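This report refers to the structure that appears directly beneath it.
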Amino acid sequence: MNEIVADPVLVARCGLYCGACGAYLRGRCPGCRENHKATWCKVRSCCQDNQYATCADCKVHQNPQDCRWFNNWIAKVFGFIFRSNRAACIRQIRSIGIEGHAAEMARSKRQSIKR
């Protein structure tokens, strides 16, 4: 298993930190940004289409919960199961930047800010 390191490239478009994900650390996933098979992810597609690094760059929705792609039923199920708070991750990226978010997630060894 790989070590958790702070790398802004490992911040998913939705704010999750792939660098602390078990699948990524075991080499079973390249991370959300590099996973070209993740065409099903509407957040990823939206960010790519609009040339956003993450939803924190969105000019349409100040609150990501207002976005239909960010706040869909799959995201709600995922957030419930993993007790993740992607909106808090987006707020943290806006507050301390993507590098700061990656550093904080690596330091805490978490994929997401907990609910």
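The values are calculated or read from the model by the stated rules, or taken from the named source; none is laboratory data. A quick note: this is a predicted structure, and the numbers were derived from the prediction, not measured. Every residue, glycine as well, gets a Cβ built from its backbone with ideal geometry; the counts of neighbours run over all protein chains shown.
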Exercise. For the range 47-59, indicate whether the set of residues that are aromatic (Phe, Trp, Tyr) and at pLDDT below 95 is non-empty.
Key: no
Exercise. Output the residues belonging to the range 70-115 that are without any contact (Cβ under 8 Å) to a residue 40 or more places away in the chain, surrounded by 13 or more Cβ atoms within 10 Å (Cβ to Cβ) and basic (Lys, Arg).
Key: Arg91, Arg94
Quiz item: When you go through Arg33, Arg44, Arg13 one by one, which is the residue that is surrounded by 14 or more Cβ atoms within 10 Å (Cβ to Cβ) and assigned to a helix (DSSP H, G or I)?
Solution: Arg44
Quiz prompt | All positions within the range 1-44 that are of a type in the set (Gly, Ala, Ser) and either modelled with pLDDT of 90 or more or touching an Asp or Glu at 6+ places or on another chain (Cβ under 8 Å) (or both) | solution = Ala6, Ala12, Gly15, Gly19, Ala20, Gly22, Ala23, Gly27, Gly31
Quiz item: So which residues in the range 16-30 are within 19 Å of Asp57 (Cα to Cα) and either free of Cβ contacts under 8 Å to residues at least 12 places away in the same chain or not in a helix (DSSP H, G or I) (or both), if there are any at all?
Solution: Leu16, Tyr17
Self-check item: Selection count, the range 47-91, where residues are hydroxyl-bearing (Ser, Thr, Tyr) and either assigned to a helix (DSSP H, G or I) or farther than 18 Å from Ile113 by Cα (or both)
Solution: 1
Quiz item: What number of residues within the range 43-57 are under 16 Å from Ile93 (Cβ atoms) and within 14 Å of the chain's Cα centre (by Cα)?
Solution: 10
